[in-house]
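Asks: The structure's right below; bear with me while I get my questions together.
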Amino acid sequence: MKYMLMMFGDTESMLATASKEWIEEMIGFMVQLDKDLEASGELVFQQGLADPGTAKTVRLQDGLPVATDGPFAEAKESLIGFWVVDVESEERVLEIAGQIVEYSGRLEIRPAMDAPPDL
């Protein structure tokens, strides 16, 4: 079953509050996790994202798409990276998430759908 694990955060706050050693440890963990998931055949795709300050939000305004700066004006934290994994069970994805959350503090997991829901 495929799942998307979504990590949320705020780079600016992390840089202001975490030690250089902790950040280096976290990056080392993420690199090793990617290697381990790839070696096990469970990694479908992963990607870190640029700082939320570089994001654009596109909304319809008077029927036309309009782009504005930022992901969400009311939220400081936003999606900072993700993994798509193909694992045998929900228990396995929760095991992977348990490792990541030690560094992220919060992680969202959602099953990936192979097709739209039946209507």
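The values are calculated or read from the model by the stated rules, or taken from the named source; none is laboratory data. Predicted model, so just to flag it, every value in this text is computed and none were measured. Positions of Cβ are backbone-derived with ideal geometry, glycine not excepted, and every protein chain shown enters the neighbour counts. These accessible areas exclude ligands, DNA and RNA; they are computed on the full protein's heavy atoms, side chains included. Shrake-Rupley method; radii C 1.70, N 1.55, O 1.52, S 1.80 Å.
Asks: Could you please give the count of residues in region 74-97 that are under 11 Å from Leu5 (Cβ atoms), without any contact (Cβ under 8 Å) to a residue 24 or more places away in the chain and small (Gly, Ala, Ser)?
Replies: 0
Asks: Within region 97-118, can one find any residue that is over 16 Å from the mean Cα position of the chain (by Cα), surrounded by 14 or more Cβ atoms within 10 Å (Cβ to Cβ) and assigned to a loop (DSSP other than H, G, I, E, B)?
Replies: Taking region 97-118 as the starting set, the residues that turn out to be over 16 Å from the mean Cα position of the chain (by Cα) are 113-118.
With the extra rule that they be surrounded by 14 or more Cβ atoms within 10 Å (Cβ to Cβ), the set shrinks to none.
So far as region 97-118 goes, no, none of its residues is over 16 Å from the mean Cα position of the chain (by Cα), surrounded by 14 or more Cβ atoms within 10 Å (Cβ to Cβ) and assigned to a loop (DSSP other than H, G, I, E, B).
Asks: Spot the failing condition for Gly70; the list is (1) modelled with pLDDT of 90 or more; (2) of a type in the set (Gly, Ala, Ser); (3) on the phi > 0 side of the Ramachandran plot, and only one is missed.
Replies: With respect to (1) modelled with pLDDT of 90 or more; (2) of a type in the set (Gly, Ala, Ser); (3) on the phi > 0 side of the Ramachandran plot, Gly70 is out only on (1).
Asks: Filtering region 6-19 down to residues that are modelled with pLDDT of 90 or more and surrounded by 13 or more Cβ atoms within 10 Å (Cβ to Cβ), which residue is farthest from Gly81 (Cα to Cα)?
Replies: My answer is Ala18.
Asks: Please determine whether any residue of region 20-43 is open to solvent by 60 Å² or more (accessible area, probe 1.4 Å) and in contact with a strand residue (DSSP E or B) (Cβ under 7 Å, 6 or more places away or on another chain). Even if it seems obvious, please write down each step before you answer.
Replies: Just the residues of region 20-43 that are open to solvent by 60 Å² or more (accessible area, probe 1.4 Å), to begin with: 20-22, 24-25, 27, 31-32, 35-36, 38-40.
Add one more test, that the residue is in contact with a strand residue (DSSP E or B) (Cβ under 7 Å, 6 or more places away or on another chain), and what stays is none.
Checked against the condition, which is being open to solvent by 60 Å² or more (accessible area, probe 1.4 Å) and in contact with a strand residue (DSSP E or B) (Cβ under 7 Å, 6 or more places away or on another chain), region 20-43 yields no hits at all.
Asks: Any idea which residue in region 44-62 is farthest from the chain's Cα centre (by Cα), counting only those that are of a type in the set (Gly, Ala, Ser) and open to solvent by 60 Å² or more (accessible area, probe 1.4 Å)? Reasoning before the result, please.
Replies: To start, the set of residues in region 44-62 that are of a type in the set (Gly, Ala, Ser) comprises 48, 50, 53, 55.
If we keep only those that are open to solvent by 60 Å² or more (accessible area, probe 1.4 Å) as well, we get 50, 53.
Working: Ala50: 11, Gly53: 16 Å.
So, considering only residues that are of a type in the set (Gly, Ala, Ser) and open to solvent by 60 Å² or more (accessible area, probe 1.4 Å), the one farthest from the chain's Cα centre (by Cα) is Gly53.
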